[in-house]
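Data block below; observations after.
The values are calculated or read from the model by the stated rules, or taken from the named source; none is laboratory data. Quantities reported herein were computed from a predicted structural model and do not represent experimental measurements. Heads up, the Cβs are rebuilt from the backbone with ideal geometry, glycines too, and the neighbour counts pull from every protein chain shown.
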Amino acid sequence: MLDLVLYNGNVLTQANTSVADAVGVRDGRVARVGSTSDVLQCAGPATRRIDLAGRTLVPGFHDAHAHIWKIGHLLTTMLDLRSTRSVRDVRDRVRAFGAALPNGSWLLGRGYNEALFEEGRPPTLADLDAACPDRPVVLTRTCGHIYAVNSFALQRAGIGPDTPAPVGGSVERDEQGQLTGLLHETAMGLINKVMPPPTSADYEAMIAAALRHQLSLGITSSADCGVSPALLDVYRDLDARDGLPSRVNVMPFRRVDGVRDPLPLPEQRVSPMLRVDTVKFLADGGLSGATAALSVPYRHTDQQGVLRFDEAELRSLCRESHDAGWRIAIHAIGDVAIDQVLNIYESLGRHPKGYRHRIEHFGLPDAAQLARAFRLGVIAAPQTIFIHSLGRNFRNYLPDSLLPRTYPVRAMLDAGLSVALSSDAPVVEDDNPLVGMMAAVTRLDNEGFPIAPEQAITVKEALYGYTMGGAIATGDDATRGSIEPGKWADLAVLSANPLTCAPQTLRDLRVDMTLMAGRVAFER
Ligand SMILES: [Zn+2]
């Protein structure tokens, strides 16, 4: 007998079955997919029945690349600056937030984006010293690749005018050679070394807040792409206590900014709720902050971004991970970084477990790189939601030769690549998968400008990328990603059909209900 029947709906299974309007669930898994009359026939007196009343049922969304603990940090104790639109605004909020913090604690904020600021520049040392001189202030830029800090923080870290930048990073100075308080890429590690780390209880609160938030968006499988050993322990512990409300793919780091030696490979773990078998590396910086490694200079600067690794070092860390049976996910946005990663993946040869490695973001590949990635079986994990949220940065920073191939998802699919869509939250403020789908289809940014419009994909392809695409990327496609008998009943009820609504209205669809293993985990 079935535990649950969802009937009278429009079921977008993402599998090769014909159209269905009902789903039956038993023991947390999909047991039947078919017509309302067929499925209700298998219901008994104890079966819960949910009338979808014509609404649409989709597999729970996969956010293949996110930073769960950072989402949660912003939802708990961190100052959220993603809605600021001027340096003045940042100063005011830092001042107010600092005034409410206990003595001695650090002020951590995240999400400023100078491309959106009236002043057209990031906050500097002078701004932050004026707003909060009496405690360390560390603001992470929206991309996560740049810190803006105050003098207190520089002093704590022992950073002076003559401090050299570590390899793969830079300590910014003005024309007079004075520190500006901006630290790029691996130079952030100078601060991280002295910043008090979150406690296990802090991490648990962050994870709980983030997963609750994601469930409200219909996200049933997500990722924490790049975690420390301490955070990994918290995840293992939560999983052992049945404390994870949704499924998480946790990717440990091998190399942490500010730490000289690489981290050892941890133990793998694959349970229904937690997967730990992918290691994460960053080959370059971010596009929105102009630190991704390009073959040509960014607009209005002579900079070409940074490679964070010497190729030989990255190759040896990847070789060791690959041979030990790990999947590898490397952040590579600029074409120079993509070449580096493809060279390395090519050198690795066949995976001992048949795993396919991933390229995260994959922002600016050319046709030859896509063909090579396909040949190597690489999985692409791009973020179409960046088109929506970061279009202005792309238009400001990218040379005309590269703008037409920004996040080229059409070209990725045409090259035969398996594509997992995702948000990279909290890099974007709005991590709603429906917004990511909307941007994938319209290619319009949030100011109405088109970004590489010829790279548009269909709603059907975008929905697949946010469901099966994510499941394939983690190797979970046998149990997730589509609504088929035997798979987990991780489901989302949408207020309308994304395939028939006008694409620019996709973001107006509501997630009315999210189910994890057949249990209601969120309800509007
Ligand atoms: Zn990321």
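Condition first: within 16 Å of the ligand (Cβ to nearest atom) and either farther than 17 Å from ASP277 by Cβ or of a type in the set (S, T, N, Q) (or both). Now tell me which residues in segment 222-236 satisfy that.
SER222, SER228
For segment 214-298, which fully contained strands (runs of 3 or more DSSP E) count at least 2 residues that are of a type outside the set (A, V, I, L, M)?
Where strands (runs of 3 or more DSSP E) fall fully within segment 214-298 and carry at least 2 residues being of a type outside the set (A, V, I, L, M), they are 219-227, 247-252, 278-282.
Applying the selection to segment 89-142, what residues are at pLDDT below 95 and among the polar types (S, T, N, Q)?
Hits for segment 89-142 are ASN103, SER105, ASN113, THR124, THR142.
Based on this model, can you work out whether ALA324 counts as closer than 16 Å to ILE359 by Cα, at pLDDT 95 or above and either within 16 Å of the ligand (Cβ to nearest atom) or surrounded by fewer than 20 Cβ atoms within 10 Å (Cβ to Cβ) (or both)?
no
Looking at segment 51-69, I want the residues that are within 24 Å of VAL227 (Cα to Cα) and have a partner that is within 12 Å of the ligand (Cβ to nearest atom) and outside any strand (DSSP E or B) with Cβ atoms under 6 Å, at least 6 apart or on another chain. Which pairs are those?
As it stands, the answer is ASP63/SER422; ASP63/SER423; ALA64/SER422; HIS65/SER422; HIS65/ASP424; ALA66/SER423; ALA66/ALA425, since those pairs meet every condition given.
Look at segment 470-524 and say how many of its residues are part of a loop (DSSP other than H, G, I, E, B), closer than 17 Å to SER222 by Cα, of a type in the set (A, V, I, L, M, F, W, C) and touching a residue at least 40 places away in the same chain (Cβ under 8 Å).
2
Scan segment 399-457 for residues that are more than 16 Å from the ligand (Cβ to nearest atom) and aromatic (Phe, Trp, Tyr) and jot them down.
Correct list: PHE449 only.
Being within 16 Å of the ligand (Cβ to nearest atom), farther than 20 Å from THR199 by Cα, touching a His at 6+ places or on another chain (Cβ under 9 Å) and of a type in the set (Val, Ile, Thr) narrows it down to one residue among ILE146, ILE71; which is it?
Unique residue meeting the criteria: ILE146.
Report those strands (runs of 3 or more DSSP E) wholly inside segment 102-149 carrying at least 2 residues which are over 21 Å from the mean Cα position of the chain (by Cα) and closer than 21 Å to GLN178 by Cα.
Answer list for segment 102-149: 137-141, 146-149.
With the requirement that a residue be crowded, with 16+ Cβ neighbours inside 10 Å and of a type in the set (Ser, Thr, Tyr), what does segment 87-120 give you?
TYR112 - this is the single residue of segment 87-120 that is crowded, with 16+ Cβ neighbours inside 10 Å and of a type in the set (Ser, Thr, Tyr).
Do you know which residues across segment 365-396 are away from the ligand (no atom under 16 Å from the Cβ) and part of a loop (DSSP other than H, G, I, E, B)?
Answer for segment 365-396, where residues must be away from the ligand (no atom under 16 Å from the Cβ) and part of a loop (DSSP other than H, G, I, E, B): PRO365, ASP366, LEU376, GLY377, VAL378.
Out of ALA290, ALA208, ALA312, ALA240, which single residue is buried (at least 24 other Cβ atoms within 10 Å of the Cβ), more than 16 Å from the chain's Cα centre (by Cα) and either more than 16 Å from the ligand (Cβ to nearest atom) or farther than 19 Å from GLN383 by Cα (or both)?
Being buried (at least 24 other Cβ atoms within 10 Å of the Cβ), more than 16 Å from the chain's Cα centre (by Cα) and either more than 16 Å from the ligand (Cβ to nearest atom) or farther than 19 Å from GLN383 by Cα (or both) holds for just one of ALA290, ALA208, ALA312, ALA240, which is ALA290.
From the list THR467, THR474, exactly one residue is in contact with a strand residue (DSSP E or B) (Cβ under 6 Å, 6 or more places away or on another chain), among the β-branched types (Val, Ile, Thr) and within 16 Å of the ligand (Cβ to nearest atom). Which is it?
Matching residue, one of THR467, THR474: THR474.
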